[in-house]
1. Yes or no: the range B:145-156 includes at least one residue that is touching a residue at least 24 places away in the same chain (Cβ under 8 Å) and surrounded by fewer than 18 Cβ atoms within 10 Å (Cβ to Cβ).
2. Quick test for you: out of A:77, A:22, A:49, pick the one residue that is more than 29 Å from residue A:262 (Cα to Cα) and modelled with pLDDT of 85 or more.
3. Within the range B:56-96, take every residue that is crowded, with 24+ Cβ neighbours inside 10 Å and more than 14 Å from chain A (Cβ to nearest Cβ) and give me the one that is nearest to residue B:120 (Cα to Cα).
4. So is residue A:42 in a helix (DSSP H, G or I), at pLDDT 90 or above and within 11 Å of another protein chain (Cβ to nearest Cβ) or not?
5. Say we look at the range B:147-189 and pick out the residues that are outside any loop (DSSP other than H, G, I, E, B) and modelled with pLDDT under 85; which of these is farthest from the other protein chains (Cβ to nearest Cβ)?
6. As an exercise: evaluate residue B:99 against (1) on the phi > 0 side of the Ramachandran plot; (2) surrounded by 23 or more Cβ atoms within 10 Å (Cβ to Cβ); (3) not in a strand (DSSP E or B) and give the number of the one condition it does not meet.
7. I'd like the residue in the range B:214-238 that is in a loop (DSSP other than H, G, I, E, B) and without any contact (Cβ under 8 Å) to a residue 40 or more places away in the chain and, out of all such residues, is nearest to residue B:165 (Cα to Cα).
8. For the structure I just gave you, tell me whether residue A:19 is surrounded by fewer than 24 Cβ atoms within 10 Å (Cβ to Cβ) and without any contact (Cβ under 8 Å) to a residue 24 or more places away in the chain.
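The values are calculated or read from the model by the stated rules, or taken from the named source; none is laboratory data. Since the structure is predicted, the reported quantities are computational estimates derived from the model, not experimental observations. Counting neighbours? That spans all protein chains shown, and the Cβs are built from the backbone with ideal geometry, glycine included.
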């Protein structure tokens, strides 16, 4: 294949130059010239458009005026030294800002099918840093105003169209994350060893508190962006850390994160649609929720 | 038909000829289609010919990267690309000897061998199909069968939207992520900061993989690429080495007005049982 030539150009000088270009661009909050060129040529049709959508999404090109432009992405490898919550907040938001930047350079007014995932470097899982990566398909929607700030949505182009048809506008991604430590006292530590049924009430209320705090943050993020949030991904973790010299009793760490698409809607202007029963012969694709959350946490 | 692909072994040719020739008693097709898929391929105007496979067992060369440097592992990138390409080409050869118009449902798999970490098996498998009325306008680049990882349903849908598949296109980049210097790591203990070297490595590797896939689509004469997936993986390599692999189906608008389906206006359906 003719492509083999493109592997040859990565000698030491070449890779150092690329590294320098990335460093300079990301520090200045932009992308290197070679990326800008690719984005511009994709927008103008000099290079093929690219979409994560299935062919069904292409139908929407004609019927709903959704034109795919190209893949856009962003990431941020973040060390969350003292705060996992802060890491999740800043990491995701930095990555999303970068994705929005690429989308803007491509002339998109929306990015659909945005997926989020974390990545840890093998062997450094406990060092308190990971990569927050986001990716999506930049599109131009005829139904949506020109905007310097493209709308982001975790839903596909077709679902985006479905929301617009109902008078709902997806505007961005909302994130709520919270973590906290709970130190058990002697009595509470003893409860786990009892012979009778009893609720571990302090742990229940601790976990509830963490969840409530994260959902409050999700709500605040939603308020900042629009009016409502469709939270598609939620994930909780509760760890028990055994006693050591400094901590005579077991400690518990709870983490909770919720992500969703923020939407602008007004129930008074919601357009109703007729419900018609149909039998689907589509092979059901199982949405494995545990796998989905594993990819983003 | 065997003239076109002289280097297929005799038994493979016999198997493929048997599949294609429906007038013979033994002329049956094989496929890994589901029921819906089989029906929709027929609806799209195609018939299945047979399962076609291509495989390549590849020994990857050795490359060392600077400890503190972000750089592409060009030897590995090239290995991953060439081996996939060989598997694909062999699958295409089988399809060609069936006089197929294309191959749908292509799966491209990489398997590692327990007994040697430098040896990988690349497998391409899909179902060869042909237009039922022998329409010549569906072949891929250079008159070869088109290839696509789309299912039978997706093929029908693609044609409905006015496009035809050209080729499964891919871009690969194996990348070494720089190690952070000890001083820098110590300076950041307990701080909330971005780790720019790691961020940049992910950016660069992803960019190279996507750019190559797009370039391959351009060379195939495509207008666009659908159903693109970006995979990340580490095939038994050292910890700081990762692969970004972009894959999708390059498509082109259907040229022949006679076969362009009538405009289908999708009706948005909300399943109430999910």
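1. First, pick out the residues of the range B:145-156 that are touching a residue at least 24 places away in the same chain (Cβ under 8 Å): B:145-156.
Next cut, surrounded by fewer than 18 Cβ atoms within 10 Å (Cβ to Cβ) only: none.
No, because not a single residue in the range B:145-156 is touching a residue at least 24 places away in the same chain (Cβ under 8 Å) and surrounded by fewer than 18 Cβ atoms within 10 Å (Cβ to Cβ).
2. On the way: A:77 fails: more than 29 Å from residue A:262 (Cα to Cα); A:49 fails: more than 29 Å from residue A:262 (Cα to Cα).
It is A:22.
3. B:91
4. Values: in a helix (DSSP H, G or I): yes; at pLDDT 90 or above: yes; within 11 Å of another protein chain (Cβ to nearest Cβ): yes.
Yes: the conditions hold for residue A:42.
5. Taking the candidates together, the pick is B:183.
6. The number of the failed condition is (2).
7. Start the filter on the range B:214-238 by keeping residues that are in a loop (DSSP other than H, G, I, E, B), which leaves B:220-223, B:234-238.
Next, only the ones that are without any contact (Cβ under 8 Å) to a residue 40 or more places away in the chain stay: B:234, B:238.
Details: B:234: 30, B:238: 37 Å.
Residue satisfying both the conditions and the ranking: B:234.
8. Values: surrounded by fewer than 24 Cβ atoms within 10 Å (Cβ to Cβ): yes; without any contact (Cβ under 8 Å) to a residue 24 or more places away in the chain: yes.
The answer is yes for residue A:19.
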